[in-house]
Each structure stands twice: as structure tokens, then as C-alpha cells.
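This report refers to the structure that appears directly beneath it.
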Amino acid sequence: MIDRATVERIKAAANIVDVVSEFVTLRRSGSNYKGLCPFHNEKTPSFIVSPARGTCHCFGCGKGGDSVSFIMEHEQMTYPEALRWLAKKYHIEIHERELTDGERQAQSERESMYIVNDWANKYFQGLLHNDPDGIAVGMQYFRSRGFRDDVIRTFQLGFDLSDRHALGKAALGQGYKEEFLLKTGICYKNDRGELIDRYAGRVVFPWIGVSGKVVGFTARVLDSRTKGVNQKYVNSPDSDIYHKANELYGIYQAKRAIAKEDRVYMVEGQADVISMFQCGIENVVANSGTALTLQQIHLLHRFTNNITLLYDGDAAGIHAAMRGTDMLLAEGMNLRVLLLPDDDDPDSFARKHTAEDFRKYIEENQTDFIQFKTDLLLKNERDPQKRSAGINSIVASIAVIPDQTLRDIYLHDCAERMGMNEGTLINQMNRYIRQQRGLPGQRPADNHGVAAQDQPQNPQQVAQHQEARVESLIVRAVVKWGEVVIFEDVQDEEGNTFNFNVAQYVHYNLTADELKLHNPLFNRIIEEANAHSADSGFKAEPFFIHHPDIEVSRIANELTTERFVLSESQQVKVTPETIRRDVMHLLLDFRLDIVEGRLKDLKLQIAAARNDRERLMELMAQFKDYQTIRNQLAKQLGNDIIIR
């Protein structure tokens, strides 16, 4: 673990222009530098590097951050890996925290396992390319699948001899310990205590982690031997360095393409990945027969929020697409689904088409999850019970989406496609949300009965844009001026006197009424700003711009970067008084948005309850109360605001 002092030395030494210039040609533009963005294709430079702020930002795709964030994004490294990269560049010696004996032993064992895996990977590749059986059998198999030699080397494919004792003898002969051959699962012992090669007589696909280390292997029997074979594929067993549920095949080869294309294609098997990569579509990975897991989704989230499930059109492919849908949506992924024609899988389809044709086919045939489920569950379905179950399944999927604005868009879209009353679907979605959270009745409310989160709103895009804009401006104020005191000598009920800075005031104002912004990352920024706001020397803007979490750093950089800088004479003077006025106005705007959303929701519910007099009267009373609250907020926004 890198100690804090060393981290600060690395960050202080890293010159943002120097770092970015290793990957981007920069030209001076005023006090900044400008170049073509390395994260997306563009012809006109929109990538700005600011030496004064120590940050970079692309106004085209929004990516950027400080030196550490840039290296993490560009090189697809973890935070510690990026720090080590910069430390090496600036010749800074890294001081790691002193490890305990137990930690040191565990680290040593993990490193030994990686070393053994690396040796085995080279052993398998050597056999494939140099051994007569490897060339005649293994290479012939790969070429029969249409894999080019350069792609075989890119994916580090290999071959293992049929002699089940050969690998163990070779490893021991070169000084590798039996202990680690067993711990990695490369070998196991039979009843006679002999060291047996797990992958003997098979072609080998290594699993390479994001950092480039070999974590495990999958080995496949050759086509001529698959008939009657119980185990067509053999995988490395779980170990300290390999958990199949955490890994994605092809991620190491695909990571840069995923980040650049801002999309990943998820397929089922290794051959699908390799064939698509060879075809020219490099942003592709596979979960290789396991059910999609949260760990795999979180891994993809490091590179993109956009995913297309690309599966066979048979029953197995449909099942695979269905079981991953809700999990991907719940994790905030923007999901598309494409089922290939019945006689094709991604492997065979890629071998028959160019990358351009394949991409065109995907673009023209992929659907959102609503259309996918509609075609699957409701196409030509006339039975009312089955149609109801199908629609409920779609609404249940919408309910897991964490972003309220996106939920509302999908729900409105669903209502239009199904010819359903939107209010009915809203009520059903709210029931699913309450079930997910284990709430027996209504969701938590503020002092006026306004639900703290997930209030259904009118799905018109103008209203959604306004709400998102207000929330962004609130967080921008916290990031830019979090430490600025805007209320002095405030007294509480016990007569204690204290000051309020922006971070403290925003946090207090929201939490007092149990309100949260819709973006979880925005809430996290507010929480962290409040937690650190009393720290000596705390400055919110550099704290968040240079935050170790690349997403926090990216948002902070994006919110505070000015595309155009006015001359000094044209700039509006910013004072604690102007900041206080703006922050209070934004918080009132946020409350008004919530109330307006609730009123629009009530209108829909009133329309749906026209035949239920008791329910109608209850809703009308609520509507009147919210109208009063709205008018009070509007009056405050239209007049001078006095703090109470």
C-alpha cells in the first residue's frame, strides 16, 4: 500500500501538460493547451489541458481529470497502478506501508501464483508454435476455426501435450514449487500422489486480467474428440488469484477499444470474442458460460456505461439475455440487446462479415430492453393474463433503474408502445420499487409529505433537463465554493454560535428534510464535502478535482471547467453574498421541481382513479396541499429570500 506522503509527492510532481503530451500532440491556446481527444474520434480539437488547474477536459466526450485520472482512463489502470506509472516517470521512490507477517506471506503467495501462471502460459504457447504435435494438432485446430496467426498471438493461445505428467516434470525441473502448481490448479494429484496436468491434450485459452497478468486458463478438447466427452471445457478452479465470476474473457485485449468506443459487446464464449476481434470489432468480452455477476458489471463500469448483449437467437441465448437484463439496468448500464439469426452465433457471423457490415447489422437490429422483452413476451400474444404478466415483467425491469429521469423516459415509452395508461404503469412501478426496498407502504417523505427519492415526473424532456441542470448546479456550487462561509454567527436553539460554509449549508438543508439528489455520485460529493468542510486548509475544488475516485474527479472537473473565459472586465464579481443568494435559490428550485413532479404524478393518478370516489377525494386533497406548497416556493423564488 502506497503511503499518503508518497501519493502527495507523486501528485505534486506530475505536470499535467507533460503527462498528457506523452499521448496527445498539444498546442498552446492562450493560457491553456489544446489537442485532439484521445478518448474519442474527432477532427476538431476539443481536448483542453489547463496547467493552472492541473487538469484536462474534453468538451466533446466529457472525459478528463488530473494526471492520475488521465493515466487511469487512457491506460486503463487502477489508481495504485497509475500512481506507480507516474512515480516511475518522475523517478520517485515509492514507500509502501509496512506489511504484517500475514500480509507479506499472502502477497508473496499471490505473486508466486502469478509467476507460475505466467510460466505455464509461455509453456503452452511454446508447444503450440514449436512442438510438432502443437503445430500439427493445436495450430491446425485454431486455423480451422479461422483464427489468424497474429490474433492467436494477441490472445496468447496455446496447446498442451497429451502426456499428463510432462508439464509437472517441466515445471519442477525449472525450480517451480509443487505447492503453487496445485494452488493455481494447473496440476492436481491423483490417488497415487502423482502430479497430473489438468489441461493435457487440449488447446488452451488463458484468462488475462485488466493489468495483463494471467489469472487462469480454459482448455478445450479438439473437435474430433468432443463426442462423448463429459467435459468439453476445463477451467482453472477458484483460487486466491482467480474467481471466474469476477473475470471477463478478452478484457485485457478489449479495454482500450471499449473506452474509446464507449461501448462494450458482451458475448458468450471465447471463440466469439476472438472472431469479432479479428473481424475488427475489438470492444468485445465474454462471461463464458457463467451467469453475469455484479463484479463483472463493475469491471465494465470502469470503461463504459453502454453495453450490447450479443447472443445466439436460440433458447440458450434468449435465456442468457433475459437473466442479465435487470442486473445490468440496476447497475446503471445503458442496455441494448441483439439476438443473431437462429443459424448464427457471433463467431460464425463475424467470420462471414466485415467489421463495417457487422457494425451496420448491430446498429440496425439492436433494440432496447423494452422492445426485446415486448417481442419476446407479447408478440402475437392475445391471452390477457399472459399479456399482463409480460407488461409487469417490463415494468419490473424499469423499476430497478437507479436514475429517475431514465426510468420516467422508459415508462413513458412503454406506455405509448403498449397503449397503456401511464398512471397505471407508474403505480405498478412504485409498488415494485417499494418491494425492492422492503417498504410496506409509501416511501420516506419530507416534512411536507414529498417522497425523498423517485417521485414520478412528467416525462417531457424539457422538464427532465431542467431538473438535472438544477442538481448539477447545486453540486457545482459545492465543488467550487464548498469551503466559503456564507452564514456567520448562526445561533441554534441552545444559544451556540457557529458558521455555515456552502458544503455544510447544502448538506444541512437537504438532510433536514430527508432529501437527496437523483444522482448517487452527486450525493456522495455533498456528503464528502460536508465531512471535510471543517478540516484545516480544506479547499473543495482541488479536493474533488484530484479525488482518487476517477468518477468523482471526472464529474468535478466537468462541472468546474469553463469552456470560454471572459475578460476580467466582463466577469461577474463572486462574493460570499452572491454565492449565498445563488445556493439558496438553487435549493428552492430543487424543492419546486420535486413538488411540480408530485403534482404531475397526482394528475395522472387522479385521471386513473376517476371511478373510485374515495380514492379520488384523497388524491384531490393531496393535490390541493401540494399546490399550496408550490405557490409558497414560487413566491419565495420571486421575492427577496430571508433565512429563517
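The values are calculated or read from the model by the stated rules, or taken from the named source; none is laboratory data. Values in this document were obtained by computation on a predicted structure and should not be read as measured data. No Cβ is skipped: glycine too gets one built from the backbone with ideal geometry, and neighbour counts run over all protein chains shown. Heavy atoms of the whole protein, side chains included, go into the accessibility calculation; ligands, DNA and RNA do not. Shrake-Rupley method; radii C 1.70, N 1.55, O 1.52, S 1.80 Å.
Being polar (S, T, N, Q) and either surrounded by 24 or more Cβ atoms within 10 Å (Cβ to Cβ) or at pLDDT 90 or above (or both) is the filter; apply it to the stretch 223-255 and report the residue that is farthest from Ala316 (Cα to Cα).
Filtering first and then ranking leaves Ser239.
Please indicate, with yes or no, whether at least one residue in the stretch 141-156 is in contact with a strand residue (DSSP E or B) (Cβ under 6 Å, 6 or more places away or on another chain), surrounded by 14 or more Cβ atoms within 10 Å (Cβ to Cβ) and at pLDDT 95 or above.
Yes: one or more hits.
Conditions (1) out of contact with any His (no Cβ under 8 Å at 6 or more places or on another chain); (2) of a type in the set (A, V, I, L, M), marked per residue:
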{"position": "Ile16", "(1), (2)": "yes, yes"}
{"position": "Val19", "(1), (2)": "yes, yes"}
{"position": "Thr44", "(1), (2)": "yes, no"}
{"position": "Ser50", "(1), (2)": "no, no"}
{"position": "Gly54", "(1), (2)": "no, no"}
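Among what's in the stretch 577-606 and is acidic (Asp, Glu) and farther than 25 Å from Ile409 by Cβ, pick the residue that is surrounded by the most Cβ atoms within 10 Å (Cβ to Cβ).
Top of the filtered list is Asp582.
Could you list, in sequence order, all residues of the stretch 550-580 that are at pLDDT below 75 and of a type in the set (Ser, Thr, Tyr)?
Result: Ser567, Ser569.
Whether any residue in the stretch 261-275 is open to solvent by less than 50 Å² (accessible area, probe 1.4 Å), among the aromatic types (Phe, Trp, Tyr) and part of a helix (DSSP H, G or I) is what I want to check.
Checked against the condition, which is being open to solvent by less than 50 Å² (accessible area, probe 1.4 Å), among the aromatic types (Phe, Trp, Tyr) and part of a helix (DSSP H, G or I), the stretch 261-275 yields no hits at all.
Is there a residue in the stretch 183-190 that is aliphatic (A, V, I, L, M) and crowded, with 23+ Cβ neighbours inside 10 Å?
Yes, the stretch 183-190 contains a residue that is aliphatic (A, V, I, L, M) and crowded, with 23+ Cβ neighbours inside 10 Å.
Answer with yes or no whether Ala609 is crowded, with 16+ Cβ neighbours inside 10 Å and modelled with pLDDT under 85.
yes
Give the residue that is nearest to the chain's Cα centre (by Cα), with candidates limited to residues of the stretch 166-187 that are outside any helix (DSSP H, G or I) and either under 25 Å from Gly250 (Cβ atoms) or at pLDDT 95 or above (or both).
If we take residues in the stretch 166-187 being outside any helix (DSSP H, G or I) and either under 25 Å from Gly250 (Cβ atoms) or at pLDDT 95 or above (or both), then Thr184 is nearest to the chain's Cα centre (by Cα).
Of the residues Ile370, Ile318, Ile297, Ile281, only one is in contact with a Lys or Arg (Cβ under 9 Å, 6 or more places away or on another chain), outside any loop (DSSP other than H, G, I, E, B), buried (at least 16 other Cβ atoms within 10 Å of the Cβ) and not acidic (Asp, Glu); which?
Ile370
Please specify each residue of the stretch 342-354 satisfying the condition of being closer than 17 Å to Asp314 by Cα, open to solvent by 50 Å² or more (accessible area, probe 1.4 Å) and either in contact (Cβ under 8 Å) with a residue 12 or more places away in the chain or of a type in the set (Phe, Trp, Tyr) (or both).
Asp342 - this is the single residue of the stretch 342-354 that is closer than 17 Å to Asp314 by Cα, open to solvent by 50 Å² or more (accessible area, probe 1.4 Å) and either in contact (Cβ under 8 Å) with a residue 12 or more places away in the chain or of a type in the set (Phe, Trp, Tyr) (or both).
Of the residues that sit in the stretch 523-532 and are within 14 Å of Asn509 (Cβ to Cβ) and in contact (Cβ under 8 Å) with a residue 24 or more places away in the chain, which one is most open to solvent (accessible area, probe 1.4 Å)?
Asn530
With (1) surrounded by 23 or more Cβ atoms within 10 Å (Cβ to Cβ); (2) at pLDDT below 90; (3) within 17 Å of Leu294 (Cα to Cα) as the list, and Ile258 as the residue in question, which single condition is left unmet?
Answer for Ile258: the failing condition is (3).
Go through (1) open to solvent by 60 Å² or more (accessible area, probe 1.4 Å); (2) touching a Gly at 6+ places or on another chain (Cβ under 7 Å) and name the single condition Asp357 misses.
(2)
Could you list all residues from the stretch 470-511 that are closer than 19 Å to His585 by Cβ, without any contact (Cβ under 8 Å) to a residue 60 or more places away in the chain and open to solvent by 50 Å² or more (accessible area, probe 1.4 Å)?
Once the filter is applied, which keeps residues that are closer than 19 Å to His585 by Cβ, without any contact (Cβ under 8 Å) to a residue 60 or more places away in the chain and open to solvent by 50 Å² or more (accessible area, probe 1.4 Å), the stretch 470-511 yields only Tyr508.
State all residues of the stretch 200-224 that are of a type outside the set (A, V, I, L, M, F, W, C), without any contact (Cβ under 8 Å) to a residue 60 or more places away in the chain and assigned to a loop (DSSP other than H, G, I, E, B); if no residue qualifies, say none.
Gly201, Arg202, Gly209, Gly212
Which residue pairs have Cβ atoms under 9 Å apart, sit 6 or more places apart or on different chains, and have a first residue in the stretch 106-129 that is over 19 Å from Ala219 (Cα atoms) and a second that is among the hydrophobic types (A, V, I, L, M, F, W, C) and buried (at least 19 other Cβ atoms within 10 Å of the Cβ)?
These pairs meet every condition: Glu109/Phe180; Arg110/Ile241; Ser112/Phe180; Ile115/Phe180.
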